[in-house]
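Just so it is clear, none of the values below were taken in a lab; they were calculated from the coordinates. Everything quoted here is computed from the prediction, not taken from an experiment. Note: ideal-geometry Cβ built from the backbone for every residue, glycine included; neighbour counts use all protein chains shown.
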Amino acid sequence: MLRFGYVLESVHPDQDGEWELARKQVDPDGTDPERLRAELEPWAVSELARLRCEFGLYTAEFGAWNARGRPSYYARNLYLIWGGEDLIATHVEDSPVNFAGVRALATQAEAHSAVMSPDRGVTAVSLSGPSPGRPGGAGR
């Protein structure tokens with residue numbers, strides 16, 4: 001099932017990664033996706049204040065979530081410099097693909113993951129002809 005939402009993370013370059021602070025599932029079918037893009041910043045700022053976050057760099061993303069609930073394709077990335085009590089600066093990066101394209105890419109990725117899942121017992125098969133040392137090629 002394809003889901004969309006917001007994710008807020010703190011950036012820790014010295015520790016190789018980001019730590020998730022908050023997430024919120026949203027319904028792009030019931031709300032204009034452009035409105036959801038616009039609401040990302042107010043949501044992120046309210047979460048930073050609610051969590052009493054310290055000065056630092058944070059990222060907020062609106063996009064599709066994969067089956068494991070992790071962000072997969074984004075519609076908007078927002079970089080925030082938080083001063084501890086208020087927002088100092090932001091940088092917005094919108095996906096070069098429109099929202100319908102983000103939905104299509106995420107749906108394709110989910111379908112591919114489901115088909116290639118080890119739980120389904122599917123294995124890759126070579127379509128390029130016989131494999132060396134295996135008479136008749138793969139799949140026989």
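Counting Lys and Arg as +1 and Asp and Glu as -1 over every other residue whose Cβ lies under 14 Å from the Cβ of residue 91, the net charge comes to -3. This ranking places 31, 59 by how few other beta-carbon atoms lie within 10 Å of each, fewest first, which gives 31, 59. Shown for 23, 70, 76: other C-beta atoms within 10 Å of each C-beta, ranked fewest to most, produce the order 70, 23, 76. The residue among 80, 65, 10 whose Cα reaches farthest toward the positive pole of the charge dipole of region 3-120, with charges on the beta-carbon of Lys, Arg, Asp and Glu, is 65. Positive contributions from Lys and Arg (+1) and negative ones from Asp and Glu (-1), summed over other residues with Cβ under 15 Å from the Cβ of residue 62, come out at -4.
Counting neighbouring beta carbons within 10 Å and listing from fewest to most, the residues 9, 93 come out as 93, 9.
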